[in-house]
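Values quoted throughout were computed directly from the atomic coordinates according to the rules given, and no laboratory measurement underlies them. Keep in mind that what you see is a predicted model, and the values were worked out from it rather than measured. Virtual Cβ from ideal backbone geometry, glycine too; neighbours counted across all protein chains shown.
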């Protein structure tokens with residue numbers, strides 16, 4: 001039942017039918033998968049470019065990063081896929097119209113510290129949790 | 001354009017991107033301010049120089065935090081003993097380790113008031129604690145004042161420095177003071193003096209109308225009151241990097257959720 005139907009807009013070679021045809025196709029799948037697979041992308045939020053250097057003393061900005069990419073069957077390639085993401089994928093394959101694929105989202109987040117002035121020229125040093133994406137995975 | 005948050009150079013080549021419109025940029029700024037827990041962009045008044053003692057102290061703490069991603073106190077210890085113990089001490093490193101936020105407060109007293117003859121040498125200090133974010137509880141607070149060496153005038157002299165909390169002010173007589181701490185100082189001594197004002201700061205936060213500031217007085221060993229400046233204590237007219245200030249360490253006391261805007 002998993003391979004019963006194929007969505008018209010999914011012309012990438014990662015459907016279960018094609019994946020099961022043989023090793024050649026699996027190789028094709030892997031090569032395209034590498035380009036679009038869920039992974040971390042670099043994104044720098046610059047406080048300096050926002051024109052905030054008069055009140056933010058440090059840092060000048062931070063590498064926030066973001067996650068983007070496909071979480072497609074099979075999830076073996078996605079080393080950070082959660083166990084539930086595998087179940088989610090299977091249910092999606094059985095009912096693609098109603099059940100979404102797992103999401104590409106952060107699996108590891110780190111904190112940053114920001115040093116800034118308030119309106120009274122007092123200085124605040126604050127830790128902000130979960131600001132930097134260190135790793136992405138399928139959830 | 002070039003000042004947009006989404007800088008093309010940081011993105012993958014196949015990522016379709018565009019420059020943010022002015023309104024979008026404003027919205028983006030609002031969103032980032034919201035992440036930082038701020039309602040608006042602060043507008044500090046930095047007339048007396050950007051880097052006086054309080055920001056320098058905070059920068060010391062910041063540098064110690066940013067060079068570590070480690071978490072145990074021993075690592076803070078080694079960091080503070082091997083790198084730059086100039087302003088921040090081991091004491092501060094331990095507070096820092098347990099804190100979610102640190103805040104420094106500049107002295108907001110601009111002119112000496114006319115005090116009674118008995119207290120003519122007292123110096124006043126006031127700190128504006130009104131902008132402490134909600135949900136933050138003070139775990140430690142210090143009043144810091146710098147002492148310079150004064151051996152020329154007072155060779156081998158010792159001084160008694162007293163720090164008071166101003167409890168109540170009266171229109172017709174001296175304010176009621178509560179003695180917080182005393183310290184004996186050598187004339188030749190030089191460096192930052194730290195006074196624990198944790199209880200006082202918590203009281204000021206709970207009851208802002210009682211925040212009437214601190215006073216200090218200095219006595220010689222023979223019991224004469226002298227101007228703190230004569231004992232080497234740096235006041236408002238001293239070097240910027242030696243200005244007295246207050247620092248408080250906070251722990252988040254409640255779970256903060258961002259509300260929809």
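By how many nm would the segment from residue B:198 to residue B:152 lengthen if fully extended, with 0.36 nm per residue of separation less the alpha-carbon distance?
13.0 nm
Order of B:236, B:152, B:43 from fewest to most other C-beta atoms within 10 Å?
So the residues, fewest neighbours to most, are B:152, B:43, B:236.
Once every Cα of the stretch A:40-139 carries one equal point scatterer and solvent is ignored, give the base-10 log of I(q)/I(0) from the Debye formula at q = 0.19 Å⁻¹, two decimals.
The calculated log intensity ratios at q = 0.19 Å⁻¹ are -0.87.
Subtracting the Cα-Cα distance from 0.36 nm times the residue separation, let me have the gained length for residue B:207 to residue B:28 in nm, one decimal.
Extra length available between residue B:207 and residue B:28 comes to 60.8 nm.
Taking the Cβ-Cβ separation of residue B:130 and residue A:87 as r and a Förster radius of 45 Å, what is the calculated FRET efficiency to the nearest 0.05?
Here the calculated transfer efficiency is 0.30.
Full-extension gain between residue B:229 and residue B:45, please, as 0.36 nm times their residue separation minus the C-alpha to C-alpha distance.
My answer for the length gained is 63.6 nm.
Can you give the mean number of other chain Cβ atoms that lie within 10 Å of the Cβ atoms in peptide B:33-45?
Mean number of neighbouring Cβ atoms from other chains: 5.
Please arrange B:166, A:132 by how many other C-beta atoms lie within 10 Å of their C-beta, fewest to most.
A:132, B:166
Sorted from fewest to most neighbouring beta carbons within 10 Å, what does the list A:62, A:116 look like?
Fewest-to-most Cβ neighbours within 10 Å comes out as A:62, A:116.
Work the Kirkwood hydrodynamic radius out for the stretch B:163-261: mean of 1/r over every pair of different alpha-carbon atoms, inverted, in Å.
Across the stretch B:163-261, the inverse of the average 1/r is 16.5 Å.
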